[in-house]
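Chemist: Okay, handing you the structure first.
Every read-out reported here was derived from the displayed coordinates using simple, explicitly stated rules and does not represent laboratory data. Computed from a predicted model, the values in this text were never measured in an experiment. Neighbour counts are summed over all protein chains in view; Cβ atoms, including those assigned to glycine, are modelled from backbone coordinates with ideal geometry.
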Amino acid sequence: MADNISVFTLSNSVFRIYLICISILVLKVLLLVLLIARQRFRKKIFISPEDVVLTTDAEWGKPDPDIERCRRAHLNDLENIPFFCVAAFAFICTNPAPWLAHALFLTYTVSRIAHTVVYAVVVLPQPTRAIVWTVGYVIILYMAAHSVYYLITN
């Protein structure tokens, strides 16, 4: 593990890019919630009966493929992004080469944004979504495995 606590300062470019990427990912997840709300208002289909008072001619509980697609994209973020945050933090503790950490963190962030776009905004046929998801998954897997190996051998 890096011997110096200075790894976790803004002067460390690896920690700085980590903070930038997780902040972007948090914003992306929060914006996706707004996309879900937009779809609900556009379709006038809400999740709870008390929500139908928000607009005229509204329904509740009815499944809608566009709303469900956005919800599944959001759920996928909630299932994957926390693992990135933890694996990337552990990876930072191994004092990686800055170019590698930057490439991994930025590629993961772009892959999650692309995943949301091709899943919930501009739906593209498979294997597009599978490819962008796999890119992120492999990055998390690499960082976690690298961290375990580093911590065991050092």
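Chemist: Rounding to the nearest 10 and keeping the result within 0 to 90°, find how far the Cα-based axis of helix 13-43 lies from the longest principal axis of the chain.
Modeler: Compared with the principal axis, the helix lies near 10 degrees.
Chemist: What is the gain in length, in nm to one decimal, between Thr56 and Ala145 on full extension, counting 0.36 nm per residue of separation less the C-alpha to C-alpha distance?
Modeler: Contour length minus the Cα-Cα distance gives 26.7 nm.
Chemist: Under a 5 Å amide H to amide H cut-off, with H placed in plane at 1.01 Å, what residues pair with Trp60 once short-range neighbours are removed?
Modeler: Phe46
Chemist: Step through the residues of the range 108-113 one at a time and calculate ³J(HN,Hα) from phi using the Karplus curve (6.51 cos²θ - 1.76 cosθ + 1.60, θ = phi - 60°), rounding each to whole Hz and writing x for Gly and Pro.
Modeler: Values per residue, Gly and Pro as x: 4, 4, 5, 5, 5, 5 Hz.
Chemist: Using +1 at the C-beta of Lys and Arg and -1 at the C-beta of Asp and Glu, which of Val53, Pro127, Phe8 has the Cα lying farthest in the positive direction of the dipole of the chain?
Modeler: Pro127
Chemist: For the chain, what does -39500 (n - 2.57) per DSSP helix run (n ≥ 4), summed and divided by total residues, give at 222 nm, in deg cm²/dmol to the nearest 500? Please list the in-between numbers first.
Modeler: Numbers: 4 runs with 105 residues, N = 154.
For the chain, the value works out to -24500 deg cm²/dmol.
Chemist: Can you report the principal axis dimensions of the range 53-145 using only the alpha carbons, biggest first, rounded to whole angstrom?
Modeler: The Cα atoms of the range 53-145 stretch 57, 29, 18 Å along the principal axes, largest first.
Chemist: Measure nothing fancy, just the Cα-based angle from helix 65-93's long axis to the longest principal axis of the chain, in degrees from 0 to 90, nearest 10.
Modeler: 10
Chemist: Moving on. In 5 Å bins starting at 0, how do the alpha-carbon pair distances of the range 1-91 split up by percent?
Modeler: 3, 12, 18, 15, 12, 10, 9, 7, 6, 5, 3, 1, 0
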